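Q: My structure is below; once you've seen it, I'll send some questions.
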Amino acid sequence: MWDVVVVTPDRVAQLAKLLAEKWPDAHVELDHRNAYELLVATILSAQSTDKMINTVTPALFAKYPDAMALAKADPAALEPMIYKTGFFRMKAKNLIGMARAVVDRHGGSIPETMDELVELPGVARKTANVVLGSALGKPAGVVVDTHVSRLAQRLGLTEQTDPVKIEQDLMRILPRDQWTPFAHRLIWHGRRVCHAKKPDCENCLLAPLCPSAFLVTIDTKRQREANAKPKAARKPGARAGAKSPPPPAARTGAKPTAKPARTAKPVAKPKRSAKPASRRA
Ligand code: SF4
């Protein structure tokens, strides 16, 4: 997928320097005033965007200003407030569970170690790293989200795909004081330049150091073509010419009478073959 590139301290330092020049003020984009708010916002941000979360949290923090208040929340009152963020039932359960654990185990204060944070409901290593690095100033690792994963791979900083292993690679090659700012800068670069599908390599200052420069779009196109071939092979006969598969009967409410429509498709073939004949004439 990506070429193997030798990760030298010099090369990592150059990348860090360029990213610092490009994004000197990169920071977590979830609005917050303290560790409690950042923890809540980060739990909510799963499968959502920071922009969306920032529309929800002002009212949430006004109603539940601390872990004590959130621990007493009624899910029926909390769920509508976070509905827009997706997976609202699970998130409400995790938020209340997290707040109760913070109250019961830590007297209402957000714990300040990785081991204690990851014991809270809804808190995995990434969330803990966000809180430790950006709200508490006590980085214990590197935040590895979808952007950091993608860019670390594209830049040849890791060959891993598992976030925990990617984090280990980044912790090994970066000085500790770079763990938090480097991750923020990768996230900003991923959101604004090195997009997943169409990285803007032409305008990327990392291109001279990037083994993936100008290759990703081509790879994406090739991957799409490669993915399309097996699918076509799996759908022989009448369905091969279909522009798009019919919706599942369960979704449309259609009864099994939909089947004759599929068997009717081969009949259309003679009509198609007739067209070229008329053109030739
Ligand atoms: S050169 Fe292209 S692939 Fe490499 S980091 Fe920049 S935008 Fe991403």
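Q: Which of the residues spanning the range 139-181 are in a loop (DSSP other than H, G, I, E, B), of a type in the set (D, E, K, R) and farther than 16 Å from A26 by Cβ?
A: E159, D162
Q: I would also like to ask the following. Exactly one condition in (1) within 23 Å of V123 (Cβ to Cβ); (2) out of contact with any Asp or Glu (no Cβ under 9 Å at 6 or more places or on another chain); (3) in a loop (DSSP other than H, G, I, E, B) is false for K197; which is it?
A: (1)
Q: Let me ask another. Would you point out the residue of the range 182-194, among those that are assigned to a helix (DSSP H, G or I) and within 11 Å of the ligand (Cβ to nearest atom), that is surrounded by the fewest Cβ atoms within 10 Å (Cβ to Cβ)?
A: R192
Q: Provide a single number: the residues in the range 64-92 that are in contact with a helix residue (DSSP H, G or I) (Cβ under 7 Å, 6 or more places away or on another chain) and either more than 18 Å from E116 (Cβ to Cβ) or part of a helix (DSSP H, G or I) (or both).
A: Final tally of qualifying residues: 17.
Q: Quick one: how many residues across the range 141-157 are crowded, with 24+ Cβ neighbours inside 10 Å and more than 13 Å from the ligand (Cβ to nearest atom)?
A: Final tally of qualifying residues: 3.
Q: Hey, any hits in the range 214-229 for a residue that's among the acidic types (D, E), closer than 24 Å to R11 by Cα and either more than 20 Å from the chain's Cα centre (by Cα) or at pLDDT 95 or above (or both)?
A: No.
Q: May I ask you to say which residue of V102, V130, V118 is within 20 Å of the chain's Cα centre (by Cα) and either modelled with pLDDT under 95 or buried (at least 21 other Cβ atoms within 10 Å of the Cβ) (or both)?
A: None of the others qualify; the one that does is V130.
The values are calculated or read from the model by the stated rules, or taken from the named source; none is laboratory data. No experiment lies behind these values; they were computed from the predicted model shown. In this analysis, Cβ positions are derived from the backbone assuming ideal geometry, glycine residues included, and neighbour counts consider all displayed protein chains.
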